[in-house]
Amino acid sequence: MEREEEGTFCVSAVDDMSGFIFCNRFRELYVPESINRNLCRVIENHNAMEEVRAAKEKREAVILPQFSCHHLRHTFCARLCEADVNIKVIQSIMGHKDIQTTMDIYAEVTGDKKKKSLEQVFNQMKLF
């Protein structure tokens with residue numbers, strides 16, 4: 001309510017959802033290109049400052065790689081998969097029309113997840 005009174009609330013709606021917290025100066029949702037520009041600026045600033053700090057401290061700089069909001073989306077989906085969220089729920093969250101897209105592209109299996117899943121099966125079966 002306070003944001004509405006200030007005129008800072010987001011006017012955009014997506015799939016019957018509204019009231020988003022982050023919006024641009026036009027009170028619309030950010031577009032990926034805008035987010036990517038900001039991510040690039042933050043990463044470049046961090047890396048520049050880190051190189052100076054590392055040189056002063058005589059250590060190797062910890063440099064962040066460039067990444068985009070799509071990388072963040074991919075990581076979010078991978079974490080959902082690792083947390084055993086139902087694949088149909090993930091499909092809905094990601095907005096994929098076809099479940100095969102979700103399963104083929106995003107539902108990656110990490111080595112650690114594979115190991116834990118097998119351990120869980122073996123424990124349930126009491127084979128080992």
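Phi angles of the stretch 92-100 translate, via the Karplus equation with coefficients 6.51, -1.76, 1.60 and θ = phi - 60°, into HN-Hα couplings of 5, 4, 6, x, 7, 6, 10, 4, 4 Hz per residue; Gly and Pro are given as x. Using a simple spin-label model with pseudo-atoms 7 Å out from Cα toward Cβ, Ser117 and Arg79 lie 2.0 nm apart.
Loop-only check: which trypsin sites (Lys or Arg not before Pro) in the stretch 20-72 are DSSP coil with at most 14 other Cβ within 10 angstrom? The partial results should precede the final answer.
On the way: sites: Arg25, Arg27, Arg37, Arg41, Arg53, Lys56, Lys58, Arg59; in loops: Arg25, Arg27, Lys58, Arg59.
Counting only loop positions with at most 14 other Cβ atoms within 10 Å, the trypsin sites (Lys or Arg not before Pro) in the stretch 20-72 are Arg25, Arg27, Lys58, Arg59.
Straight-line reach from Lys113: taking Cα to Cα under 27 Å and skipping same-chain neighbours fewer than 8 places apart, the lysines in range are Lys88, Lys97, Lys126.
Once the Cβ-Cβ distance of Phe22 and Val52 is raised to the sixth power relative to R0 = 25 Å, the FRET efficiency obtained is 0.25.
If R₀ is 25 angstrom, what is the calculated FRET efficiency for the pair Ile87 and Met125, using the beta carbon separation as r and rounding to 0.05?
Numbers: r = 23 Å, r/R0 = 0.94.
The pair Ile87/Met125 has a calculated efficiency of 0.60.
GNM remark for the chain: springs join alpha carbons under 10 Å apart, and the peak mean-square fluctuation among Phe22, Phe67, Phe76 falls on Phe22.
Cysteines of the chain lacking any other cysteine Cβ under 4.7 Å from their own Cβ: Cys40, Cys69, Cys77, Cys81.
Only the coordinates and a few stated rules stand behind these numbers; no lab work does. Model, not experiment: these values are computed from the prediction. With ideal geometry, Cβ positions are generated from the backbone for all residues, glycine too; neighbour counts draw on all protein chains shown.
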